[in-house]
Amino acid sequence: MYREGIQIQNPRHAGYKAMVGRYCGRGKVRYWELDFVRGICVTLMVFDHFMYCLWDVLPFINEVLGTSLFTESEAIARAYWNWDFRQNVWFFVVTAFFTITGISCTLTRGNFRRCIPLALVAAGITCITRLIESFGLSGATILFGVIHMLASGVFLYAVLDNACVAVGEVLGEGKIAKIFREALRYLPGIVGISLLIWLFTNCAQFTFQNGYIEIISTYTGAKTDAENKFISIFLYLKESPENGHFSFYEYTGDYFPILPWAMFVLIGGIIGRLVYHTSARYAFSPLNGAWNSGVCFFGRHAAVIYVVHMVIWPVLLALAAWISSLF
C-alpha cells in the first residue's frame, strides 16, 4: 500500500544503495525512516484495536459462547480507551500515519493504482462488518473508516497532482517553465492547508479539553438522517436539536471523515516534495541498520497488517473462549 521509491537512472546514485535503505523491485529504494515511523504507528494501532476488542468484542463472544474469558480485562480496556494520554497519543499517531501516506504519494506516479485496492478493501470491510453486525454485534458495521478515508485521500491527491502535471506539460520548456512546473506539484498540499483553515474557521474547533486534544464540530448539518450520513463522509457534525441529535457513530464502528484527516495526506505531499525530492532525503540514511529491521518490516507491510489484524484479534479471542469452554 505505501511503497516509496525513486527510479535509479544516474549511475552515480548507485552508491547510495547501501546507505539509503532496502531496495525492492525495479531499482526502487525504500527510505527506512518512513517505514520505521509507519511501523511504530501500525504497531500502536494494532495494540489499540486489541484493547478495543477486550472492551467491546470479547463480552459479546463470551455472551454467545457462554464463557467468561478475561472478564476482568473489560474494565481495564475501558479505562485504557478513555485515558487522556491514550487520546493524545492516538491523535499524533494517526496524524503521522496519514502524513507519511502523503509523503509516499510524491514518490510514485501510480497513485490512481494505489487508491483502487484501498477502495476495494474498504468496500470489503463494510460488507464483512455489516454481515457481522447481522449476527448480533451492534455497531460493528464500518461505513467510513480509516481505509475509506485513505482511499479518498490518495484519490484526491492523484487528481490534483495529475492535473498539475497536465498543466505543467503545457508550459513548455525553459527555466521559468521548469520553476512553475515544480511549484505546481505543491498544489495538493496547499489545497490541504487551505481546506483545514476553512474547516477550523467555519465548521470545527481544535481544542485541548479534559486533558486531551479534541476536534469539536460546530456544524449542525441537515435535518434528515440521509443528508447527514452523506455530509458526515466529509466532516464531523455537531449533535444538536436542529439535526435531531444525529451522530454518525451510531452507524459506523470506525469513523474518519475526509475533513480533516485526508488533508494530512495532501499536506504530506509538501513534506515529500521538500525532503524526498532533494538531497535531504539522504539525511537519515547513516542511521539505518539492523536495529530497526523489525519495526521497518511492520512499516513495509503496514496495509496488510492493519487489515488482517482487524480479523485476527476477534478470531483469536473467539478461539480462546471456545477452548476455555472445553475445560
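The values are calculated or read from the model by the stated rules, or taken from the named source; none is laboratory data. As the structure is a computational prediction, the values presented were derived from the model and not from experiment. All Cβ positions, even for glycine, are placed from backbone atoms using ideal geometry, and neighbour counts span all protein chains on display. Side chains are part of the model used for accessible areas, which takes the heavy atoms of the whole protein and leaves out ligands, DNA and RNA. Shrake-Rupley method; radii C 1.70, N 1.55, O 1.52, S 1.80 Å.
Observations, loosely collected:
- Membrane-span-like helices in the chain (whole DSSP H runs, Cα extent of at least 15 Å along the helix axis, mean Kyte-Doolittle hydropathy of at least 0.5): 32-52, 84-105, 111-134, 146-170, 187-202, 258-275, 302-325.
- Residue-span extension gain [Ala166 to Thr108] - 0.36 nm each, minus C-alpha spacing: 19.3 nm
- Low-density loop positions, chymotrypsin sites (Phe, Trp or Tyr not before Pro), the stretch 117-191 - DSSP coil, at most 11 other Cβ in 10 Å: Phe135
- The stretch 123-230: trypsin sites (Lys or Arg not before Pro) in DSSP coil with no more than 14 other Cβ atoms inside 10 Å: Lys223
- The share of accessible area on the chain that comes from carbon and sulfur is 67 percent, using a 1.4 angstrom probe.
- Radius 11 Å from Cβ of Pro59, net charge of other residues (Lys, Arg +1; Asp, Glu -1): -2
- 16 Å Cα-Cα reach of Lys238 towards aspartates and glutamates, excluding residues that sit fewer than 8 places from it in its own chain: Glu214, Asp225, Glu227, Glu250
- Residues within the reach of a label modelled at Ile213 (point 7 angstrom out along Cα to beta-carbon, backbone nitrogen below 11 Å), restricted to the stretch 79-93, are 87-93.
- Choice from Val29, Val93, Val64 with maximal GNM fluctuation in the chain (Cα, 10 Å cutoff): Val64
- Accessible surface, the chain, averaged per residue in Å² (probe 1.4 Å): 52 Å²
- Among the GluC sites (Glu not before Pro) in the stretch 105-191, those placed in a DSSP loop whose Cβ has at most 14 other Cβ atoms within 10 Å are Glu173.
- Amide H to amide H distances under 5 Å link Leu235 with Ile258, Leu259, where only residues 5 or more positions off or on other chains count and H is placed in the peptide plane.
- Structural descriptor for the stretch 45-120: relative contact order 24 percent, calculated from alpha carbon pairs under 8 angstrom and at least 6 residues apart.
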